[in-house]
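Trainee: Could you have a look at this structure, given as structure tokens, before my questions?
The values are calculated or read from the model by the stated rules, or taken from the named source; none is laboratory data. All of these numbers come straight from a predicted model, not from anything done at the bench. Note that we place each Cβ from the backbone using ideal geometry, even for glycine, and neighbour counts take in every protein chain shown. Remember, those area values only see protein heavy atoms, side chains included, never the ligands or the DNA or RNA. Shrake-Rupley method; radii C 1.70, N 1.55, O 1.52, S 1.80 Å.
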Amino acid sequence: MGYIEPAPIKDEGNPFEAMMSRFHIASQILGLDDELYNVLKSPAKQVIVSLPITMDDGSIRVFDGYRVIHSNILGPSKGGIRFDPGVSIDEVKALAAWMTWKCAVVDIPYGGAKGGVQCNPREMSSGEMERLMRAYTLAMTEIFGPDRDIPAPDMGTGPREMAWLMDEFSRSRGMTINSVVTGKPLVLGGSLGRTEATGRGVMVSALAAMEKLKINPYRATCAVQGFGNVGSFAALLMAERGVKIVAISDISGAYYNENGIAIEKAIDYRNGNNGSLEGFSGAELIEGNELLELEVDVLIPAAMEDVITSRNAESIKARLIVEGANGPTSAKADTIINNKGIMVAPDILANAGGVTVSYFEWVQNRLGYKWTGERVNRRSDRIMKDAFDHVYSTSQEYDISMRIAAYVVAIDKVAKTYKYRGGF
Ligand code: NAD
């Protein structure tokens, strides 16, 4: 493959460095000039707030809250809100840029943003969470808006928190504005198909890639790491299309069955077992790391970042990796994976089904109309397939990996739009 050497990577495990090294390579391929390079790598706006919250015991604690708008060149910025002890401005900055590229790859009219509050939701009561979410929303009331910046759930937040956000924002404006946030409960204007959207997009990307590699789904095997929202729906939908899922895993361990795992049964088991696969009897227990190195056609990392690194990339035997998780492959591992001839459907392409259906939620809210689940699926499948084809043809045209091609598609689109709109 024609491949430009990556920029030096300081550290595996640093999402900003990982993102920047790919951005750097793609910018070189596009011949991006220095000025535009600097514009696109710098976030447009960074907001830091202090949120004093009365805790249940009467004490007052101050939480740090962030919102970073990386870019609003393509349209209002879009990105989730993370409630986690590890949240920092650097992490939020990296995730915001990631959202810019992801929205551009699937060609939806959004820029990228991300928000976060440094807190531990597992140690907070529902009342404390509500006060924190409302305080955060109030602090961001001039940042958020259906035409400005549209938040969504991320780690530690879900439909319940989005409902509070929508309510608080609507109070600040004196009217109901449900299009200010996506990922809401269905009754508040959430979209059908949103829950399974990311896993569904992973399946569409996987099947499109398998077609290119001439892998017949009915003869293919697949291993899925992570059995949460993304992994379990991806596994279920792949199995429905004939793929034999031989291994699944979650935090409790990895489960292998060479004859194929009954995914519906595994989901039922997990649902009745506090969300965990622990004790699942439809497969034998194997080491978590072993799952990644199985001799399968397709590997779907759908748990967390940095699981395929320079330490284990050489041992990966799959022909195709479809990234359900954000950042599962380190930048250092990219080169090893490419040299082994493994195709990767990268995160900013393969897991963009979620933000695509979030976009549909916003469209429906603005129309004041509700689409059927069938319409949502049909349209999101088309967007995912078109995006895959665009990235694939770009990878062929420049003789580059699918990951760098995805960045090329995204950066090219944002750069062209920027040139038309003009700057200072
Ligand atoms: P989730 O919390 O529903 O599920 C995560 C799963 O990973 C759980 O089954 C958990 O037990 C498992 N897990 C955690 N650590 C593990 C380990 N060391 N080994 C094996 N399994 C492990 O989360 P999710 O929403 O499914 O998100 C998974 C990934 O996909 C994250 O990287 C997330 O950023 C990304 N993502 C999610 C969405 C979405 O719409 N939910 C969209 C885009 C990207």
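Trainee: May I ask you to evaluate 6.51 cos²θ - 1.76 cosθ + 1.60, the Karplus curve with θ = phi - 60°, for each residue of region 193-200 and list the ³J(HN,Hα) values in order in whole Hz, giving x for glycine and proline?
Mentor: Using θ = phi - 60°, the values come out as x, 5, 4, 8, 4, 5, x, 5 Hz.
Trainee: Report the relative contact order of the chain, percent, no decimals, based on alpha-carbon pairs under 8 angstrom and at least 6 residues apart.
Mentor: 17 percent
Trainee: Quick one: work out the % antiparallel among DSSP beta bridges in region 197-350, nearest 5.
Mentor: Rounded to the nearest five, the antiparallel share is 30 percent.
Trainee: Please list, ordered by chain and number, the residues whose modelled amide H lies under 5 Å from the amide H of Ser77; skip anything fewer than 5 residues away on the same chain.
Mentor: Gly111, Asp149, Ile150
Trainee: Taking only C-alpha pairs under 8 Å that are 6+ residues apart, what is the relative contact order of region 144-213 in percent?
Mentor: That works out to 28 percent.
Trainee: Summing +1 for each Lys or Arg and -1 for each Asp or Glu, what net charge is found among the other residues whose Cβ lies under 15 Å from the Cβ of Gly145?
Mentor: +3
Trainee: In terms of modelled amide H atoms, which long-range or inter-chain residues lie less than 5 Å from the amide H of Ala345?
Mentor: Ile321, Val322, Glu323
Trainee: Return, for the Cα atoms of region 197-350, the radius of gyration and Dmax in Å, separated by a comma.
Mentor: 13.9, 43
Trainee: Taking amide H atoms as placed 1.01 Å from N in the peptide plane, list the residues 5 or more away in sequence, or in a different chain, whose amide H sits under 5 Å from that of Ala318.
Mentor: Close amide H contacts, sequence-distant or interchain: Val296.
Trainee: Roughly how far apart, in whole Å, are the Cα centres of region 69-129 and region 239-258?
Mentor: Region 69-129 and region 239-258 have Cα centres separated by 30 Å.
Trainee: A further question follows. Can you give the relative contact order of region 183-257 as a percent, counting alpha carbon pairs under 8 Å and 6+ residues apart? Write out the running numbers ahead of the final one.
Mentor: Values: 90 pairs, mean separation 21.4, N = 75.
Averaging sequence separation for qualifying contacts and normalising by length gives 29 percent for region 183-257.
Trainee: Leaving out ligands and nucleic acids, and using a 1.4 Å probe, what accessible area per residue does region 272-335 come to in Å²?
Mentor: Working: 2860 Å² over 64 residues.
I get 45 Å² per residue for this part.
Trainee: Full extension from Asp107 to Asp268: what is 0.36 nm times the residue separation minus their Cα-Cα distance, to one decimal in nm?
Mentor: This chain segment gains 54.4 nm when fully extended.
Trainee: While we're looking at this one, here's another question. Taking a 23 Å limit on the Cα-Cα distance, which of the listed pairs Lys93/Lys385; Lys317/Lys385; Lys332/Lys413; Lys244/Lys317; Lys214/Lys244; Lys212/Lys317 fall beyond it?
Mentor: On the way: Lys93/Lys385 29 Å; Lys317/Lys385 26 Å; Lys332/Lys413 26 Å; Lys244/Lys317 16 Å; Lys214/Lys244 16 Å; Lys212/Lys317 18 Å.
Beyond 23 Å between Cα atoms: Lys93/Lys385; Lys317/Lys385; Lys332/Lys413.
Trainee: Would you mind telling me the antiparallel percentage of the DSSP bridges in the chain, rounded to 5?
Mentor: Rounded to the nearest five, the antiparallel share is 50 percent.
Trainee: Under the Karplus relation 6.51 cos²θ - 1.76 cosθ + 1.60, θ = phi - 60°, what is the ordered set of whole-Hz ³J(HN,Hα) values for region 258-273, x standing for Gly and Pro?
Mentor: The phi angles translate into 5, 8, x, 9, 6, 5, 4, 5, 5, 5, 4, 4, 4, 4, x, 10 Hz.
Trainee: Which whole-angstrom value gives the distance between the alpha carbon centres of region 137-172 and region 377-424?
Mentor: Result: 29 Å between the Cα centres.
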